[in-house]
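Below is one structure, written out as structure tokens; comments come after it.
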Amino acid sequence: MSNETLTITDNRTGRRYELPIEHGAIRATDLRQIKASPDDQGLMSYDPAYMNTAWCQSRITFTDGDRGLLWYRGYPIEQLAEKSTFLEVAYLLWTGELPTKDELHTWVHGVRYHTMIHESIKKFLDGFRHDAHPMGMLVSTVAALATFYPEAKNIRDSECRRIQFYRLMSKMPTLAAFAYRHSVGMPYVYPDNRLGYTENFLNMMFHGREPQGSLDPESHHSPVLARALDVLFILHADHEQNCSTAAMRTVGSAHTDPYTAVSAAAAALYGPLHGGANEAVLRMLREIGTTADIPDFIKAVKRGERRLAGFGHRVYKSYDPRATIIKRWADRVFEVTGRNPLLDIALELEKIALDDEYFTSRKLYPNVDFYSGIIYEAMGFPTDIFPVLFAIPRTPGWLTQWRENLEDPEQKITRPRQIYLGHGRRDYVPLDQREELTDETTRV
Ligand code: ACO
């Protein structure tokens, strides 16, 4: 055996074990041989929230939290954001390589011509209350799509998987825009496949709601705004093993169809600690109100009463590279839309936080969500659609991670272990013999 090993001495038995180390990890199943007695099930590793567990081998996205690096298939995010397009990045994620001109043409055509949704889905959307949260509507309607494409269950068929990829990529913006139109009581705007991906989305969202005073009926999908959204979509396309991707891989590992699995991933993304954070940032900035009120808010955060939304990241312990790019794009968007006054509060908040020992010692920096909401708001998106604006571009990442999991011969249905700390065996007590609860015996 090479010196790429770990020697463990079990002090319970005095036995020594030598475990191979590969790619900086030991295999958790190698611990199973370490037993205190013959009927022992073997040693496990305990890792709540997967703080230090690699659960797959992946070739899709690389992050280095200390150096603030993010690469898709080896390409730095900064280069992709400057030179590529969202659909090209989706191709890169899915296939592993940048496309040739012909490949890109076929790909874009495939995505562009699946934008329509079945009329019955519209009726489904009509059933929601007028004030339903668009993310709740998206999560449900994406899952409902599975009933329209039952062949999607053929998850081993690569051609079938590619078609579902096209469908999900192209229908997510349509569902999102329809959910929004429903919530404002406006008629749905059908996809216009002559438009680019983000232009089409902006048109479905805002057609007929042009900015007040605008003389240009097309201003809602100006090239600058469409490109800004395209860049934001590139930045959100994948982020290796986060909460929603873990949900996608987990649900997919049971061979569930991709629509239902994407719905589960979107449900995970909905949470305020994940994709709901950009919405939380806007609410927080509005609540703070003025730059003069920032110090009091920071004090509440330091007392542990509040969290600074859009700050901190499980991986990035230096500046989130996506936040740097977004901050740059904010100025270009504001040239078209006018400056969002919340930006001043955000900039001041960042300045104060980055100068404060509480934040620097915990390595809390702005993450992707800190500035994205301010741009979205300036573009006219209502706050509660922000998590939806995360779910649309994360779709290619989820689907690529899902496929990688399915194609990995080492993967099986996800099934974590637990350490059981509950009662030992006990007999059922009939209802009339149970004692009233006292303060000491509270039920969970
Ligand atoms: N504001 C104030 N304090 C914070 C924040 C924050 N935003 N984030 C972390 N901390 C503090 C914690 O209180 C903790 O302090 P302690 O050591 O004194 O107890 C310490 O920093 C470490 O925090 P953890 O919660 O252990 O960090 P974890 O890696 O589990 O959490 C998370 C990461 C969820 C992103 C967290 O930083 C957070 O809640 N941020 C705000 C929500 C947010 O912006 N989420 C979006 C993330 S990006 C994305 O999902 C796309």
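For the reader, a short list of remarks on this structure follows.
- Looking only at region 182-213, residues that are buried (at least 20 other Cβ atoms within 10 Å of the Cβ) and charged (D, E, K, R) come to 1 in all.
- Every pair of residues 6+ apart whose Cβ atoms lie under 7 Å, when the first sits in region 28-39 and is more than 14 Å from Arg12 (Cα to Cα) while the second is of a type in the set (S, T, N, Q) and at pLDDT 95 or above: Ala28/Ser45; Leu31/Ser45
- Scanning region 298-346 for residues that are among the polar types (S, T, N, Q) and more than 16 Å from Leu70 (Cα to Cα) yields Thr337, Asn340.
- Of all the listed residues (Arg306, Arg283), the sole one being open to solvent by 20 Å² or more (accessible area, probe 1.4 Å) and more than 9 Å from the ligand (Cβ to nearest atom) is Arg283.
- Restricting attention to region 1-27 and to residues that are touching a residue at least 24 places away in the same chain (Cβ under 8 Å) and of a type in the set (D, E, K, R), the residue that is nearest to Arg415 (Cα to Cα) turns out to be Asp10.
- So Leu43, is it in contact (Cβ under 8 Å) with a residue 12 or more places away in the chain, outside any loop (DSSP other than H, G, I, E, B) and surrounded by 11 or more Cβ atoms within 10 Å (Cβ to Cβ): no
- Test result for Tyr371, under 19 Å from the mean Cα position of the chain (by Cα), surrounded by 21 or more Cβ atoms within 10 Å (Cβ to Cβ), within 14 Å of the ligand (Cβ to nearest atom) and more than 30 Å from Trp94 (Cα to Cα): no
- Once region 290-303 is narrowed to residues that are in contact (Cβ under 8 Å) with a residue 40 or more places away in the chain and more than 13 Å from the ligand (Cβ to nearest atom), the residue that is surrounded by the most Cβ atoms within 10 Å (Cβ to Cβ) is Ile294.
- Some residue of region 144-151 being out of contact with any helix residue (DSSP H, G or I) (no Cβ under 6 Å at 6 or more places or on another chain), open to solvent by 10 Å² or more (accessible area, probe 1.4 Å) and more than 30 Å from His255 (Cβ to Cβ): no
- Residue count for region 314-331, restricted to those that are open to solvent by 30 Å² or more (accessible area, probe 1.4 Å), closer than 17 Å to Leu349 by Cα and within 10 Å of the ligand (Cβ to nearest atom): 0
- Unmet requirement for Gln57, which otherwise passes all of (1) of a type in the set (S, T, N, Q); (2) within 30 Å of Leu104 (Cβ to Cβ); (3) within 16 Å of the ligand (Cβ to nearest atom): (3)
- The one condition in (1) buried (at least 19 other Cβ atoms within 10 Å of the Cβ); (2) under 18 Å from the mean Cα position of the chain (by Cα) that Leu349 fails to fulfil: (2)
- Taking the conditions (1) more than 9 Å from the ligand (Cβ to nearest atom); (2) open to solvent by 10 Å² or more (accessible area, probe 1.4 Å) in turn, Tyr358 satisfies each one other than (1).
- Single residue of region 79-107 satisfying the filter (β-branched (Val, Ile, Thr) and in contact (Cβ under 8 Å) with a residue 60 or more places away in the chain) that is nearest to Arg167 (Cα to Cα): Val89
- Checking Gly110, Gly74 one by one, the residue that is touching a residue at least 24 places away in the same chain (Cβ under 8 Å) and more than 16 Å from the ligand (Cβ to nearest atom) is Gly110 and no other.
- The residues listed here are Tyr113, Tyr149; of these, the one that is within 28 Å of Ser183 (Cβ to Cβ) and modelled with pLDDT of 95 or more is Tyr149.
The values are calculated or read from the model by the stated rules, or taken from the named source; none is laboratory data. Predicted, not measured: the structure shown is a model, and the values here were computed from it. Ideal geometry is used to build each Cβ from the backbone, glycine not excepted, and the neighbour counts take in all protein chains shown. Just the protein is used for accessible areas: all its heavy atoms, side chains included, with ligands, DNA and RNA removed. Shrake-Rupley method; radii C 1.70, N 1.55, O 1.52, S 1.80 Å.
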